[in-house]
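Peer 1: Structure incoming, see below.
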Amino acid sequence: MAAVELVLSAACCRLDGGAHFHHAISVIGIVLEAIEFCRNRAQILGGLHLSVAPGEYLTIAGPSGSGKTTLLRLIAGLETTQRGRISLTDHSSVRPTPFSIAFVFQGGALYPHLTVQQNLEFSLQIRGMPAKERKARSAEMASLLGLLDLMDRLPEEISGGEAQRVAIGRALMQKPGLLLLDEPLANLDGPLRGAMRGLLRRVHRELGITTIHVTHDQEEAMALGDRVALLHCGTIQQIDRPQNVYRWPVNRWAARFLGFPPINLAIGEVRRWAGASIFMLEPTLGEGEMLPDSVAQRLPVNTRLEVGLRPEHLSAVYPEADAAPQTTSRATLQRVEFTGTNTWWQMRLGTQDWMVRGVEHPYAVIGSQWCIRADWQAAVWFDPTTGKALSPLV
């Protein structure tokens, strides 16, 4: 099989860094066409297409084994694909060099015998830059990343979060046109992950470097990316702005992958009865939920459909409340999860469990009966056979 063709082209344009990092940075765009990669006869990536604009921050999210790291390694030239084409477009007056792409590994991979300053300056030193200029550059980068007080320490003398900042800084010292981040926050605890997310966005805003960041953390992907690409079974399932990927998933897998608690899915049919539209749930079609006309008129009648409703689009109402929804369905409270910012209830509706946004109520005890109010305007509808989403009802 033919090896991947790597195409580099130059255009006349320059991008200067932010206030803390003034030397010019060339920005690279990238296009991947029909990329295939196999290892030990097992296909990892199959016919993958992807385009990243110069200066974009793209996050790639997917479960373990979906091919995220392999994709980064192919872009970096650390792996050779069997088929496909990778095109890099350098937007500067200087042709790309081996230093145009920087890779930050999950563990940071700092040189243990070098200080923070020496790690930062490593790429400049091997290129023969004078010590005085290297020191000035590393001081600028350390200021940007909050590392000035750590410059004389060895990697074993700093925290995990500090080590990740050093690894990112060392990559940025190359003046890369493309920054590849492989699960850079995976080994950090919750508060530190949040701080590092803010740092990554600030660095990107100030330097404008094209960034591809892979992660299995859906919240991280949506918080950081200008766009989010969902990778599953070696192909991009969906790529769009985070809000669109979350609100309008293209298929059942994308809907399930994003969101916690996960989306509620149920199969049924839309029935017309006495001038009203009812979504009748399987398996017995004995439980029905009334649909607003604005939603029902866009759905096929007497046809099996799968509906997806995220937990935040469902709420529980006590049956005797004046605001109880018009429905014959009753759901039983099975479990309560308090997460600090939200309370989630696991409810048994018919033969299926649903996750619903909970409320404080004196009768909110396990086994109590409730009605469920749904925001049907926020529902996503799928073909139950193919799993593909129907056109958004907007």
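Peer 1: Out of Leu124, Leu120, Leu72, which single residue is out of contact with any Leu (no Cβ under 6 Å at 6 or more places or on another chain), surrounded by 22 or more Cβ atoms within 10 Å (Cβ to Cβ) and closer than 22 Å to Val203 by Cα?
Peer 2: Numbers: Leu124 fails: surrounded by 22 or more Cβ atoms within 10 Å (Cβ to Cβ); Leu72 fails: out of contact with any Leu (no Cβ under 6 Å at 6 or more places or on another chain).
Exactly one of Leu124, Leu120, Leu72 is out of contact with any Leu (no Cβ under 6 Å at 6 or more places or on another chain), surrounded by 22 or more Cβ atoms within 10 Å (Cβ to Cβ) and closer than 22 Å to Val203 by Cα, namely Leu120.
Peer 1: Can you name the residue in the stretch 37-68 that is outside any strand (DSSP E or B), touching a Ser or Thr at 6+ places or on another chain (Cβ under 7 Å) and not acidic (Asp, Glu) and is also surrounded by the fewest Cβ atoms within 10 Å (Cβ to Cβ) among such residues? Before you say what the answer is, go through the steps one by one.
Peer 2: Going residue by residue through the stretch 37-68, those that are outside any strand (DSSP E or B) are 40-41, 53-56, 62-68.
Those left that are additionally touching a Ser or Thr at 6+ places or on another chain (Cβ under 7 Å): 54-56.
If we keep only those that are not acidic (Asp, Glu) as well, we get 54-55.
Working: Pro54: 21, Gly55: 19.
Looking at residues that are outside any strand (DSSP E or B), touching a Ser or Thr at 6+ places or on another chain (Cβ under 7 Å) and not acidic (Asp, Glu), I get Gly55.
Peer 1: Could you tell me whether the stretch 90-98 includes any residue that is part of a strand (DSSP E or B), surrounded by 19 or more Cβ atoms within 10 Å (Cβ to Cβ) and modelled with pLDDT of 85 or more?
Peer 2: The first filter runs over the stretch 90-98 and keeps only residues part of a strand (DSSP E or B), leaving 90-91.
Still in the running and surrounded by 19 or more Cβ atoms within 10 Å (Cβ to Cβ): 90-91.
When the remaining residues are screened for being modelled with pLDDT of 85 or more, the result is none.
No, every residue in the stretch 90-98 fails to be part of a strand (DSSP E or B), surrounded by 19 or more Cβ atoms within 10 Å (Cβ to Cβ) and modelled with pLDDT of 85 or more.
Peer 1: Considering only the stretch 197-221, state which residues are in a helix (DSSP H, G or I), in contact (Cβ under 8 Å) with a residue 12 or more places away in the chain and either farther than 15 Å from Ala142 by Cα or not assigned by TED's automatic domain parsing to the domain that holds Leu58 (or both). Spell out how you get there, then give the answer.
Peer 2: Taking the stretch 197-221 as the starting set, the residues that turn out to be in a helix (DSSP H, G or I) are 197-207, 218-221.
Filter again for in contact (Cβ under 8 Å) with a residue 12 or more places away in the chain, leaving 197, 199-201, 203-207, 218-221.
Passing the criteria: Arg197, Arg201, His204, Arg205, Gln218, Glu219, Glu220, Ala221.
Peer 1: Could you go through the stretch 280-288 and let me know if any residue there is modelled with pLDDT of 85 or more and crowded, with 16+ Cβ neighbours inside 10 Å.
Peer 2: First, the residues of the stretch 280-288 that are modelled with pLDDT of 85 or more: 280.
The next check asks that each one be crowded, with 16+ Cβ neighbours inside 10 Å; those that pass are 280.
Looking for residues that are modelled with pLDDT of 85 or more and crowded, with 16+ Cβ neighbours inside 10 Å, one finds at least one in the stretch 280-288, hence yes.
Peer 1: In the stretch 232-252, is there at least one residue being at pLDDT below 95, of a type in the set (Gly, Ala, Ser) and surrounded by fewer than 20 Cβ atoms within 10 Å (Cβ to Cβ)?
Peer 2: No, the stretch 232-252 contains no residue that is at pLDDT below 95, of a type in the set (Gly, Ala, Ser) and surrounded by fewer than 20 Cβ atoms within 10 Å (Cβ to Cβ).
Peer 1: Being in contact with a Lys or Arg (Cβ under 7 Å, 6 or more places away or on another chain) and without any contact (Cβ under 8 Å) to a residue 40 or more places away in the chain is the filter; apply it to the stretch 102-140 and report the residue that is nearest to Gln174 (Cα to Cα).
Peer 2: Gln125
Peer 1: Using the structure shown, decide if Leu200 is in contact with a Pro (Cβ under 9 Å, 6 or more places away or on another chain), crowded, with 22+ Cβ neighbours inside 10 Å and under 22 Å from Asp217 (Cα atoms).
Peer 2: Numbers: in contact with a Pro (Cβ under 9 Å, 6 or more places away or on another chain): yes; crowded, with 22+ Cβ neighbours inside 10 Å: yes; under 22 Å from Asp217 (Cα atoms): yes.
Here the answer is yes, as Leu200 does meet what is asked.
Peer 1: Let me ask something additional. What about Gly190, is it surrounded by fewer than 18 Cβ atoms within 10 Å (Cβ to Cβ), free of Cβ contacts under 8 Å to residues at least 24 places away in the same chain and either on the phi < 0 side of the Ramachandran plot or not assigned by TED's automatic domain parsing to the domain that holds Leu74 (or both)?
Peer 2: On the way: surrounded by fewer than 18 Cβ atoms within 10 Å (Cβ to Cβ): yes; free of Cβ contacts under 8 Å to residues at least 24 places away in the same chain: yes; either on the phi < 0 side of the Ramachandran plot or not assigned by TED's automatic domain parsing to the domain that holds Leu74 (or both): yes.
Yes.
Peer 1: Continuing with this model, one more query. Somewhere in the stretch 104-117, is a residue outside any loop (DSSP other than H, G, I, E, B) and out of contact with any strand residue (DSSP E or B) (no Cβ under 6 Å at 6 or more places or on another chain)? I'd like the intermediate steps shown before the answer.
Peer 2: Residues of the stretch 104-117 outside any loop (DSSP other than H, G, I, E, B): 104, 116-117.
Add one more test, that the residue is out of contact with any strand residue (DSSP E or B) (no Cβ under 6 Å at 6 or more places or on another chain), and what stays is 116-117.
Checked the stretch 104-117: at least one residue is outside any loop (DSSP other than H, G, I, E, B) and out of contact with any strand residue (DSSP E or B) (no Cβ under 6 Å at 6 or more places or on another chain).
Peer 1: What number of residues within the stretch 181-220 satisfy the criterion of being farther than 16 Å from Arg165 by Cα and among the polar types (S, T, N, Q)?
Peer 2: 3
The values are calculated or read from the model by the stated rules, or taken from the named source; none is laboratory data. Since we're looking at a predicted model, the values are computed, not measured. Backbone-built Cβ (ideal geometry, glycine too); neighbour counts: all protein chains shown.
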